[in-house]
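A quick write-up on the structure given underneath.
The values are calculated or read from the model by the stated rules, or taken from the named source; none is laboratory data. Keep in mind that what you see is a predicted model, and the values were worked out from it rather than measured. Don't worry about glycine lacking a Cβ; one is built from the backbone with ideal geometry, like all the others, and counts go over all protein chains shown. Side chains included, ligands, DNA and RNA excluded: accessible areas come from the protein's heavy atoms. Shrake-Rupley method; radii C 1.70, N 1.55, O 1.52, S 1.80 Å.
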Amino acid sequence: MPIMANAKKALRQSAKRQRRNQLAADEIHSLRVKGRKLIADKKEKEAAETAKLVSKKLDKAVSRGIMKKNTAARWKSRLAKKVNALGKKA
């Protein structure tokens, strides 16, 4: 455990940021799972809306430094590709 006051504060700040970042990452994860389930159920409109929301959340996470830019781009691309394929089949 830290002894100096500034080290104690840094530890508190770090823990607070970690909780906030983890909440954002968990929300993105659950939205991605929801999107994949909608695609599997062939619900085109809901899947497109969810993909749009996931993209927005991923961009926000990148801007806050929670996630790397290329990782977010890869996830967005894969989800969009699946949603677009669903629209062409219908």
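Of note:
- Count - residues of region 1-38 that are at pLDDT 95 or above, more than 18 Å from Ala73 (Cα to Cα) and not charged (D, E, K, R): 14
- Residue selected from region 64-74 under the condition out of contact with any helix residue (DSSP H, G or I) (no Cβ under 6 Å at 6 or more places or on another chain) and open to solvent by less than 90 Å² (accessible area, probe 1.4 Å), by the criterion farthest from Gln18 (Cα to Cα): Ala73
- If the condition is being under 21 Å from Leu23 (Cα atoms), touching a residue at least 12 places away in the same chain (Cβ under 8 Å) and open to solvent by less than 90 Å² (accessible area, probe 1.4 Å), then region 48-63 contributes Thr50, Ala51, Leu53, Val54, Ser55, Lys57, Leu58, Asp59, Ala61.
- Residue ID - nearest to Lys81 (Cα to Cα), chosen from residues in region 1-47 that are open to solvent by 100 Å² or more (accessible area, probe 1.4 Å) and of a type in the set (A, V, I, L, M): Leu23
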